[in-house]
Amino acid sequence: MPILPQISDAEWNIMSVVWENEKCTANEIVDILSVKTTWKPKTIKTMLNRLVKKGALSYEIDSEDKKTYHYFSNVSEKECVKEASNSFIRRVFKGSLNAMMANFVKEGEFTEKEIQELKDILDKKKK
């Protein structure tokens with residue numbers, strides 16, 4: 001498995017837009033994030049360039065106007081979520097998934113439906 005790039009919290013916002021739209025221009029990303037954030041277009045474009053340098057994104061130049069870049073992801077959301085989750089467990093819970101789960105279960109508030117879903121997941125793991 002290739003080494004996944006480190007994606008900052010701010011960069012996750014950009015990656016989420018790209019994952020949701022598969023391919024999009026910088027202007028489309030700016031339009032979407034301007035509703036969700038207070039970032040200026042230049043900030044968003046700087047983060048896009050950073051993500052390209054990290055290898056998380058690539059782009060294709062529009063064949064007609066030669067000026068528009070269409071960004072797409074080099075890494076799947078699933079892979080990045082898995083890596084970020086594992087990194088969190090290593091950093092915060094010293095690598096113990098059990099400690100993390102116990103903490104969330106003890107501290108969390110769950111509906112009956114959520115409790116049943118957790119039980120079902122654990123039952124499937126037994127098999």
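Contact map, the stretch 51-74: first residue free of Cβ contacts under 8 Å to residues at least 24 places away in the same chain, second residue part of a strand (DSSP E or B) and among the β-branched types (Val, Ile, Thr), Cβ cut-off under 8 Å, separation 6 or more or different chains; pairs are LYS67/ILE61. Scanning the stretch 32-70 for residues that are within 13 Å of SER16 (Cβ to Cβ) and assigned to a loop (DSSP other than H, G, I, E, B) returns THR37, ALA56.
Being surrounded by 13 or more Cβ atoms within 10 Å (Cβ to Cβ) and closer than 18 Å to LEU4 by Cβ is a property that ARG91 lacks. The listed residues are LYS40, LYS82, and the only one of them that is loosely packed, with under 12 Cβ neighbours inside 10 Å and of a type outside the set (S, T, N, Q) turns out to be LYS40.
The numbers here are math on the coordinates, done by the rules we state, and not lab data. For clarity, every value in this text was computed on a predicted model and none was experimentally measured. Every residue, glycine as well, gets a Cβ built from its backbone with ideal geometry; the counts of neighbours run over all protein chains shown.
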